[in-house]
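Just below is one structure, and these are the notes that go with it.
The values are calculated or read from the model by the stated rules, or taken from the named source; none is laboratory data. Please read these numbers as outputs of a predicted model, since none were measured by experiment. All Cβ positions, even for glycine, are placed from backbone atoms using ideal geometry, and neighbour counts span all protein chains on display. When the accessible area is computed, the model is the full protein with side chains, heavy atoms only, and any ligands, DNA or RNA have been set aside. Shrake-Rupley method; radii C 1.70, N 1.55, O 1.52, S 1.80 Å.
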Amino acid sequence: MARHWNTGPRDKFDRMKGVVPVRDLVHNVVSYYRLNADIRQEMLFAEWSTLVGDKIGARTRPDTIIDRTLIVEVATSSWLHELRLMRPKIVSDLLDKLGLPRFFDDIRFVLAGERRSRAPQVKRPSPRKKPEPAPAGLPAGGEDLRQILDDTSKIEDEELRAIVSRVRVKNDK
């Protein structure tokens, strides 16, 4: 009787006998899970000063990417004006350094805090209030009590009849 040692589920990665360099292993995992674009985008945000230079990096901060446009906050209006003039070169240099595929096509420079303050103020609906409980009325009496007892006497289950009667008498309905 032959014994099979490796009968469990198999990985989706080809395994090599011996030592696998960590670089290759990481590359295989990143490629398999298609994380290349995410890692490159995070690299842009993490290494911003290195990519654009210390002088520009000290006065700017990448904020987000919207509709393939990189939004970059700028510290002062004078730098905002100068960077807008330099925009084509900055875009070209960044795209060359980051490689393909592109995850943005253009840059929009905004004054720090300006984008949030100019955003349309969306009035949020106020939270729903809990409905107020119905005012506690007096229990049914007189003719109403007789009517309730007459109606509930038709219920065959004794326990259910008692519950319905109690509730209707208490709420006068």
THR50 accessible area, nearest 10 Å², 1.4 Å probe? 110 Å²
Go ahead and run the numbers for FRET between ARG61 and ASN36, Cβ-Cβ distance against an R0 of 22 Å, rounding to 0.05. 0.35
At a 1.4 Å probe radius, which order do VAL30, VAL164, VAL19 fall into by accessible area, largest first? VAL19, VAL164, VAL30
If the chain between ASP93 and GLN147 were fully extended at 0.36 nm per residue, the gain over the current Cα-Cα distance would be 10.7 nm
Nearest-10 value in Å² for the accessible area of VAL29, using the 1.4 Å probe: 50 Å²
